[in-house]
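What follows is a single structure, written as structure tokens, with notes after it.
The values are calculated or read from the model by the stated rules, or taken from the named source; none is laboratory data. Here the structure is a predicted model, which means the values were calculated and not measured. Here Cβ is always computed from backbone atoms with ideal geometry, including for glycine, and neighbour counts include all displayed protein chains. We work out accessible area using only protein heavy atoms, side chains counted, and drop any ligands, DNA or RNA first. Shrake-Rupley method; radii C 1.70, N 1.55, O 1.52, S 1.80 Å.
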Amino acid sequence: MGLALRNQLAAPVTLLALFVFLAGIPLVAVGWLGWRLLEQDRALDVQRVRERLDNAAALAAREIDRSLAARNDLLIPAAQGESVSLPADAVFLVFDSRLLQRQGVRLPYYPKASPPLDVPAILFADAEAQEFRNQDLSNVAVSYRAIAASKDRSVRGAALMRLARVLRKQQKLREAFAVYGELAGLGETPVAGSPAELVARRERIVLLNATGGDEAAKEKQLLVSALFDGRFQIDRATFDFYQEVLSTPHAPAETSRPSLDLARAVEALWPLWQQQSAGRAASAVNESVFAAVWRRTPAGTAALIGRVDDLMTSTQAVLQNLDVRLALEDPSGRLSWGSPVADADRVTRTFRETDLPWTIHVALADPVAAQAISNSRRNVLAAGFGVMLLAITAAGYFVFRAVRRELDVARLQSDFVAAVSHEFRTPLTAMCHLTEMLEEGATPPDRLPLYYGALGRESRRLHAMVESLLDFGRIDAGRRGYQFVDTDATELVKQVVQECRDHAPSAAHRIEWQALSVRAREPVRIRADREALALALRNLLDNASKYSPESSPIRVSVRPQGAFVGISVEDEGVGIPKDEHRAIFRKFARGSSARALNVKGTGIGLTMAEQIVKAHGGRLELQSEPGRGSRFTALLPVRPSHA
Ligand code: ADP
């Protein structure tokens with residue numbers, strides 16, 4: 001704010017404080033509202049997700065329960081021998097103290113196997129007596145061979161085993177090997193408490209290991225398939241016994257096979273099946289998890305156990321549509337199914353709540369995408385509030401500016417009144433003084449013309465001031481009517497200059513006249529209200545003489561500039577700082593030069609000059625630098641000469 005007056009009239013701090021306060025209330029209110037809304041939206045989002053997950057968890061629990069119940073419903077009909085369709089990879093068992101029935105997957109071993117019937121030893125008593133006394137082994141072999149011809153498969157098996165034993169004692173390994181081959185052909189016929197094939201294959205491997213060769217690997221493969229295909233109902237001890245021979249060189253020990261895992265799961269659950277009359281449970285073996293249902297039936301305890309993946313297919317299908325993922329955790333906290341779910345964003349149903357073998361965790365399938373949607377919604381909301389805050393701030397600022405302007409004008413106006421009164425006082429005081437002297441009648445007659453002359457000058461000055469004020473009033477209100485006539489600009493300016501010289505002879509020498517027409521003699525034709533334009537020019541000349549030293553010249557020129565003629569008034573005075581170039585044209589505004597030089601004035605001269613020039617279709621331009629003087633140029637449109 002360069003203007004001295006502006007400094008004085010700067011909006012009071014209280015006004016600023018008031019506006020900050022008034023604009024601050026809605027700002028804070030809207031800001032708080034926005035923040036609350038965002039918070040609520042966030043909370044609502046969390047709640048919505050939680051509800052969705054709650055529903056999904058309930059649905060999942062119901063679906064798993066339904067799947068287990070469906071398996072449970074199979075138990076009685078299956079135990080009664082009805083044909084039921086078992087889930088893939090599942091095994092159905094009926095047992096009391098031993099295994100009674102099996103359907104589905106054949107297991108490598110069972111927790112309990114039916115004890116095989118033994119062949120009466122009496123059949124071999126004679127031959128064995130001879131054998132153990134080591135008498136005539138070839139004779140013994142003949143006896144065993146004879147018994148081996150029996151139609152009874154178990155008798156045959158027992159005889160073949162003894163025959164092979166004798167042959168081995170005789171070092172007839174090749175023949176013993178062949179006899180074991182025969183024995184293997186008897187399959188599951190029990191021999192010495194085990195299926196004949198297992199016994200035979202094991203012995204063949206032992207024999208082959210002794211002799212070495214590829215044959216051993218082939219034989220091991222045969223034993224592996226006999227064991228793992230679950231061809232025989234054997235118990236764990238038997239299975240381990242036969243499996244042991246496989247871990248010798250040439251064949252890797254088989255430890256992980258689906259059927260073996262299932263057998264282990266059955267083994268693990270077996271005690272529970274015996275303790276509880278009915279139930280559902282899960283068991284994990286290696287990477288596989290199995291789910292079992294069981295109950296007592298008239299035929300014995302029936303149990304159905306299969307892979308949890310198979311149990312979960314229907315549940316998974318249901319959940320897929322809900323865009324959630326599921327994890328099952330067994331009571332020990334081990335993940336049974338699904339992928340791990342972070343604690344923070346999941347809903348949990350414990351196994352106690354659901355009566356299932358697992359605790360259920362449900363989370364969003366794609367939390368990042370869900371988050372992105374809510375985030376973008378919140379961003380829009382935040383942006384909306386941001387715009388509102390901006391709008392309130394901007395509105396507050398503009399109202400503040402307008403009010404400040406109005407206040408400025410009010411103050412300028414009161415200053416103006418003071419200045420005008422002051423200006424009026426000078427001529428009025430002089431006139432009063434002269435009138436008093438004349439009234440007294442003591443004035444010498446020779447001085448009378450001097451007094452009358454002074455009285456006349458002062459009253460004309462007063463008249464001019466009143467006229468000027470009335471003019472300003474009309475111009476400012478836009479009520480001044482203009483009488484445009486064809487005028488020669490040079491001639492008009494010359495006339496105004498002459499008048500000024502006449503009125504102020506002391507300053508007359510300062511005014512330098514320059515008419516710079518293209519063709520110097522030709523008139524510059526404009527349409528002008530001569531009186532108004534003369535008033536504008538007088539104001540400019542007046543200012544030039546007020547704001548420059550008495551010794552410096554004032555140059556007046558008329559220069560055609562294209563379609564315009566520029567009438568300039570130039571001084572070498574104090575000049576006007578750049579930041580006041582616009583402000584000094586406002587009404588009542590006075591610049592720093594007025595203060596610096598203590599020049600009296602009302603701040604309406606430039607306002608009037610500019611309004612008049614504008615009314616002529618022109619513009620008033622200012623070039624000035626502090627300390628170097630100022631040039632005001634009224635640019636007025638020139639009338640084309642043919643018009
Ligand atoms: P006033 O002269 O009565 O103050 P004006 O409207 O004529 O009012 O001028 C406004 C202000 O412009 C003046 O107060 C002064 O500061 C500045 N001004 C005008 N003309 C000149 C000039 N020729 N040189 C320096 N300052 C000027």
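Some notes on this structure:
- Given (1) small (G, A, S); (2) near the ligand (Cβ under 8 Å from one of its atoms); (3) modelled with pLDDT under 90, number of the condition G562 does not satisfy: (2)
- Test: residue in region 81-100 that is over 30 Å from D323 (Cα atoms), without any contact (Cβ under 8 Å) to a residue 40 or more places away in the chain and basic (K, R): yes
- Within region 512-532, restricting attention to residues that are open to solvent by 20 Å² or more (accessible area, probe 1.4 Å) and modelled with pLDDT of 85 or more, the residue that is nearest to the ligand (Cβ to nearest atom) is E512.
- Close contacts from region 618-643, counting a first residue that is charged (D, E, K, R) and within 16 Å of the ligand (Cβ to nearest atom) and a second that is at pLDDT 95 or above and in a strand (DSSP E or B), with Cβ to Cβ under 7 Å and a gap of 6+ residues or different chains, come to E621/T633; E621/L635; R631/S568; R631/E570; R631/Q623; R631/S624.
- Residue match in region 464-484 (condition: farther than 28 Å from S421 by Cα and either open to solvent by 70 Å² or more (accessible area, probe 1.4 Å) or part of a helix (DSSP H, G or I) (or both)): yes
- The requirement of being of a type in the set (D, E) and within 25 Å of V485 (Cβ to Cβ) is not satisfied by D571.
- Among the residues of region 205-226, those identified as in a helix (DSSP H, G or I), among the small types (G, A, S) and over 17 Å from P108 (Cβ atoms) are A210, A216, A217.
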